[in-house]
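All remarks here apply to the structure that follows.
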Amino acid sequence: MTFDETRTHVLRSPDLEAQRAFVRALLDQFVRIKTKSVIAIKPNLCAPLPAQTGATTELWLIEEVARWIRERRAKPVLVEAPSHIHDYDQVMDITGVRDVCKALDIEMVDSRVTTMALRPLKHDDADGRVYHVGMAALGADGIICLPKLKTHNRTEVSLGMKGLMGLLSWPDRHDFHRRGVNTDVVELYRRLRSRIKLTIIDGITAMEGHGPTSGKPVSMNVLIGGTDLVGVDAVGCHIMGFEPEDVDHIRLAHDQGLGDMKRRWEVHPAGTPLPVRPFERPRPDSGLRTKIITFPPLSAALRAVRFGVSGRTKPVLNPAVPGAVLTDEAAVCPTDAIELPNRIVYERCIGCGLCIEASTSKALIPESAGHKATRVLRELIKR
Ligand code: SF4
């Protein structure tokens, strides 16, 4: 497979071998790395939710890229951090990323912990803001981004550019949210742009609705790849039924000449139309909650009590469907938290909502606010 370098490339296929071949072909054509170099892999691991929820990057994709780097006798390093309130270890365990990294001997680095100053570029305003970015990413010889195809409650979409926030220190994340995200995200991309070798958006299972972590999974079987991150993000927007011009950070980046949101695309296999599906939009969100929970001392306390999982809405048995057997619901549960015929083990439940989506009989429904408050309190006391 060879690619026209002036276009963004899209694969739509449910076949894992075709997906792997597409990823390898993109890497072969677009990424040049030297022996013994260090390449940072930047997936989206924003929350303790596995890839089938639409929130985080597929494990096989991380694995494929890491193997490709190793075959070139270079060193892959996985650099990422979940959002403010999530505990790094919990996310790596629940997503399964720790097992993949262990099996392939990939170093994992929490980008929030050891950071370096990323200063304004040469010839920029000397008073420009200084960002603090994971040292493992800044010190690497290149970055390969593997973001997710999903909606976002503050920025409409979360794709390659927005995903770069996963490289920031805790205080910088808070500051980005306080200032409104878009202009900072574009500036962050501008400073990191020369280091990003390739972006491949994982749209195998995407997320619609109230993303980036509370939306609904959508099976799309799509991968979007290219070296112009703005062009790649723009195609992601089209696929989700958004106009890139309407997404502030993408339009801003385009207007600043950081990429081309009007770049043409090519869909593989040849002749396939762009797989467009209008995604459900996120609910209106003032961002107040995010501003509060990203305040560093508060987010540190929430991480310490692992509120990121406890605080999610979990399922309860629907009293209107008595005696239900939860076979379909148990089949989709990624943590074996449903025991047949109808018991939910809350200690194992991560609140991913997959069982509620799969419950066509409505035997499982989201817990009420009162049930949630009591359960969360009980879980926090236990800890
Ligand atoms: S019980 Fe439901 S919400 Fe909880 S982890 Fe399983 S599928 Fe997700």
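None of the figures in this text is laboratory data; all of them are computed from the coordinates on show. This structure is a prediction, so every number in the text was calculated from the model and none was measured. Quick reminder, even Gly has a Cβ in these numbers, built from the backbone with ideal geometry, and neighbours come from all protein chains shown.
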Cα convex hull of region 118-206 - mean projected area over all directions, nm²: 6.2 nm²
Sequence of 232, 109 once ranked by neighbouring C-beta atoms within 10 Å, starting from the fewest: 109, 232
Dipole in debye (nearest 20) - region 311-382, about Cα centre, beta carbon charges: Lys, Arg +1; Asp, Glu -1: 320 debye
With charges only on Cβ, +1 for K and R and -1 for D and E, what is the dipole size of the chain about its Cα centre, in debye, rounded to 20? 760 debye
Rounded, prolate or oblate: which fits region 38-157 when a ≥ b ≥ c are the square roots of the eigenvalues of the alpha-carbon gyration tensor, with rounded for a/c under 1.5 and prolate only if a/b beats b/c? oblate
Can you say what percent of the DSSP beta bridges in the chain, counting only those with both residues inside, are antiparallel? Round to 5. 55 percent
Kirkwood radius from Cα pairs of the chain plugged into Stokes-Einstein at 10 °C, 1.306 mPa s, gives D in µm²/s equal to 74 µm²/s
Can you tell me which lysines have their Cα less than 22 Å from the Cα of residue 262? Leave out same-chain residues fewer than eight positions away. 148, 150, 162, 197
Straight-line reach only, C-alpha to C-alpha below 29 angstrom: list the lysines that residue 382 could link to, leaving out same-chain residues fewer than 8 apart. 291, 314, 372
Please identify which residues in region 1-26 have an amide N closer than 16 Å to a label point set 7 Å out from the Cα of residue 266, following the Cα→Cβ vector. 1-12, 22-26
In region 311-382, taking the dipole from +1 charges on Lys and Arg beta carbons and -1 charges on Asp and Glu beta carbons about the Cα centre, the listed residue (366, 327, 355) farthest towards the positive end is 366
Ranking 19, 109, 272 by how far each Cα lies towards the positive end of the charge dipole of the chain (+1 on Lys and Arg Cβ, -1 on Asp and Glu Cβ), the top one is 109
Convex hull volume of region 249-383 per residue (C-alpha atoms, cubic angstrom): 208 Å³
Mind listing which GluC sites (Glu not before Pro) in region 59-144 are in a DSSP loop and have 10 or fewer other Cβ atoms within 10 Å? none
Place a point 7 Å from Cα of residue 328 in the direction of its Cβ. Which residues in region 347-376 have their backbone N less than 12 Å from it? 355-364
Run the simple label-point estimate for residue 345 and residue 102 please: 7 Å along Cα→C-beta, distance reported in nm. 1.9 nm
When the dipole is taken about the Cα centre of region 218-353, and only Lys, Arg (+1) and Asp, Glu (-1) are charged at their Cβ, what size is it in debye, to the nearest 20? 500 debye
Rounded FRET efficiency, nearest 0.05, which uses the C-beta distance separating residue 70 from residue 304 and R0 of 30 Å: 0.25
So how much slack lies between residue 357 and residue 24, counting 0.36 nm per residue of separation and subtracting their Cα-Cα distance, in nm? 116.5 nm
